[in-house]
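Values in this text are rule-based calculations from the coordinates and carry no lab data. Not measured: the values here are computed from a predicted model. Here the Cβ is made from the backbone with ideal geometry for all residues, glycine too, and neighbour counts use every protein chain on show.
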């Protein structure tokens, strides 16, 4: 039995001029992967008839499943549907269930008259099987030709996701005989890619060809991912799991998590287990640490809140940083960040607190405190640890690096 | 003179299993676009010799410039360099300036011994022109064959960006004769895509074929982008600008900005012009609004800070929300959010404040307040406006929609 390959085609000029970042492809790839379907290639093309046509022709040579997103909207730049109609030799017909669904949306939910442009969204090529889109107005479509399955989905992320999960994934076992793909991921912190590679060299060298190791460096951390592919589920799971244990052992001092979760989720789990609470006092990170922590469902169980103190005034008035400290040492100093963290711990009454203060750039640098200088303090009721960092990147990256550095210091404090 | 087309090839298994989202392509596309080079296609392939080779062959048929990113790291899954060496019939040689640069990084900056694995990063095919990478360890490479330019860049975003801006873009005028691409983008808020299309139908219908209109819906807003392509810079700029004015006029009641900036930047500009200040009191958005506002350089001029009040306690203790209000109406209510916004205005002493409280999901819904229920209040010293929203998506999207809804209410309040 051969592997089943897929190609993802995303359509839209906005992808080629860089105005939007394509998050759909990553989601689709993840979902297919879980089904044992390997994505061979992702192609992004513009809203141009010939380019889309060419991409479809090329994709057919590489894959048995082709997922197409985008170009199904109600406006004139959306040409995917007429193109697919022609590509699969169909003619346009009204799909009554979709028309009923659209009528319901406009009359009942939006309470606006349905205009011609919207009603046309209920038209589909008669050569397709309609994938009813309960989350939006553009129906998904499935075509089959020369033993290849083509699926066309809207580009709106939440509609595409719903259709993938409810219409596309469920039909896969009936159409393809797939193998099993197993991934296991280790999150490491505090070691660079090359040094990590040296640590795990012996494990890496003995990996069989059907198990691959990838290094995924990101903002001061490196994820290590083992991916195995095989036809017997239990065998491949066991094999990957064995190598994963060896990998973990080889770099154990740097392991932050033995699953593919971000550091803020690691923190959440540690606090949940310990039934402890956390607050933050954020100057330069501007609320980003609080945002990361609260992006996890259920975080209200351990996260109490944050004081984002961009100004001197708020540092003093809300967190109780002494005026003299700010005057004498400045906002970006060990002294200030230590008072901030103590202030947060006291005001927000939590078991742990994190405080950061720094200069994220591009402006605001000082001779003795250049852009990228950051002080971080983490505290429990017993202990305060402060550390200085120096990040040399752009504002966005400096904010992310600051937040991850602070969360890693907190992790080390919690774990003792 | 013909248009100059480019293809972007991104390499890495992580792109095909969906473990990372590709942000590099969007950046590269934007930069090329500014130079009048049109991206014809973007292709993502895995760390597989044959797939990369095939992608290079195919890209040659479509483009005069091929930008390749990824696969240049020091670890075993990085095969781009040996592959390019073979593809362009070269042999590996040491590039002395890169070796010196690496030695400097390890000895002076990292203060760690340089290992064999790192030193090998200074090796390049003798058939390439090296693009010195001052921001990292993997050098960029440029090859030319059959009148086509191939550029290979590391996949680490800040290294890739630096090389694009400092090495790739500057060589473009010497190698290609390009036309001019002009984009103008309008940010609209408070109207859906189809209704917007009706509003601007007359302008859209008379656009010439070399000027295209795209609709980019995103979290409760729609951006309208006009893109014109031509060989005379002034002519195409004037043409696009004329149609842009007509477009703006046709939907003027919904225009939030007449440039391609996000809503939080619109707010920043409004406050800067008026020399006024802002604070936020965030429950369900968990600091995301503060993060958006502070992601803009210079935001300390108008943004004072935020109280992220995830718990009842902090709403009472820090913002002064009355205990009775919380008991009687609950945290997600007009009464609570109104007291939160007043509390923020007073505590943080700003001209404006925004407060949000809601249920982002997936858990936490109540019979009369299902997941997605959000109350937003915005206030100046003279006026408080509160509004209820109901978002029906996942946690991440609900947080983004909440933040944008709050910022749009604030915009309307500021603009009167």
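Summary of values
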| read-out | value |
| --- | --- |
| Chain A - convex hull of alpha carbons, volume per residue in Å³ | 188 |
| Mean separation of Cα contacts under 8 Å (6+ apart) over length of the range B:187-231, as relative contact order % | 46 |
| Helical mean residue ellipticity (222 nm; -39500 (n - 2.57) per DSSP H run of 4+; nearest 500) of chain A | -11000 deg cm²/dmol |
| Peptide B:274-282, shielding by other chains (average Cβ, 10 Å cutoff) | 2 |
| The range B:183-295: relative contact order in percent, alpha carbon pairs under 8 Å with at least 6 residues between | 32 |
| Label spacing, shortest first and in nm, from residue A:301 to its equivalents in the remaining copies (7 angstrom along Cα→Cβ) | 4.5 |
| Segment residue A:34-residue A:275, length gained on full extension (0.36 nm per residue, minus Cα span) | 83.4 nm |
| Debye log10 I(q)/I(0) at q = 0.19 Å⁻¹ for the range B:160-222, Cα point scatterers | -0.83 |
| Nm distances between copies for residue B:246, ranked from closest, using label points 7 Å along Cα→Cβ | 6.9 |
| Test item: A:54-61 mean partner chain Cβ contacts at 10 Å | 2 |
| Relative contact order computed over chain A (Cα-Cα under 8 Å; 6+ residues apart), in percent | 10 |
| Top of A:186, A:247, A:83 by mean-square fluctuation, Gaussian network on chain A, Cα under 10 Å | A:83 |
| Per-pair calculated FRET efficiency, R0 = 35 Å: residue B:412 and residue A:327 via Cβ, rounded to 0.05 | 0.30 |
| For a label point 7 Å along the Cα-to-beta-carbon line of residue B:210, residues of the range B:173-198 with backbone N under 15 Å | B:178-183 |
| In range of the label at residue A:381: residues from the range A:318-362 whose backbone nitrogen is under 17 Å from the point 7 Å along Cα→Cβ | A:342-354 |
| Residue exposure sequence - B:92, A:114, A:360 - by fewest surrounding Cβ within 10 Å | B:92, A:114, A:360 |
| Selected from A:292, A:38, A:187 as most flexible by GNM, with chain A as the system and alpha-carbon contacts under 10 Å | A:292 |
| Whole-Å distance, taken between Cα centres, linking the range B:18-76 and the range B:347-416 | 40 |
| Pairwise label distance in nanometres, residue A:242 with residue B:252, each label 7 Å out on the Cα-Cβ vector | 7.5 |
| Inter-chain shielding of B:42-49 (mean C-beta neighbours from other protein chains, 10 Å cut-off) | 6 |
| Closest approach to the B/A rotation axis among chain B Cβ atoms, residue and whole-Å value | B:287, 2 |
| Compactness of the range A:1-104 as Cα Rg over 2.2 N^0.38 Å, two decimals | 1.18 |
| Degrees, to the nearest 10: A:263-274 long Cα axis against longest axis of chain A | 70 |
| Degrees between helix A:49-62 axis and first principal axis of chain A (Cα, 0 to 90, nearest 10) | 90 |
| Packing-based exposure ordering (other Cβ within 10 Å, fewest first) of B:180, A:95, B:210 | B:210, B:180, A:95 |
| Once the Cα gyration tensor of the range B:31-165 is diagonalised, semi-axes √(5λ) in Å | 26, 17, 13 |
| The range B:1-56 shape via C-alpha gyration tensor axes, a/c threshold 1.5 | oblate |
| Förster radius 56 Å - calculated FRET efficiency between residue B:388 and residue B:146, Cβ distance, rounded to 0.05 | 0.35 |
| Position residue A:272, label points 7 Å along Cα→Cβ, spacing to each other copy in nm (shortest first, one decimal) | 4.2 |
| Candidates B:147, B:404, B:118: whichever shows maximal mean-square fluctuation once chain B is modelled as a Gaussian network with Cα springs under 10 Å | B:147 |
| Gain upon complete extension [residue B:260, residue B:195; 0.36 nm per residue less C-alpha separation] | 21.3 nm |
| Prolate/oblate/rounded label for the range B:301-416 (Cα gyration tensor, a/c 1.5) | oblate |
| Cubic angstrom per residue, convex hull over Cα atoms of the range B:86-236 | 190 |
| Cα-based helix-to-principal-axis angle, B:395-414 vs chain B, degrees rounded to 10 | 60 |
| Ascending count of other beta-carbon atoms within 10 Å, so fewest first, for A:407, A:62 | A:62, A:407 |
| Value of Rg/Rh across the protein assembly as shown [Cα atoms, Kirkwood radius] | 0.95 |
| Virtual spin-label span in nm between residue B:103 and residue A:79, 7 Å along Cα→Cβ | 5.7 |
| Span from the the range A:136-172 Cα centroid across to the the range B:141-201 one, whole angstrom | 30 |
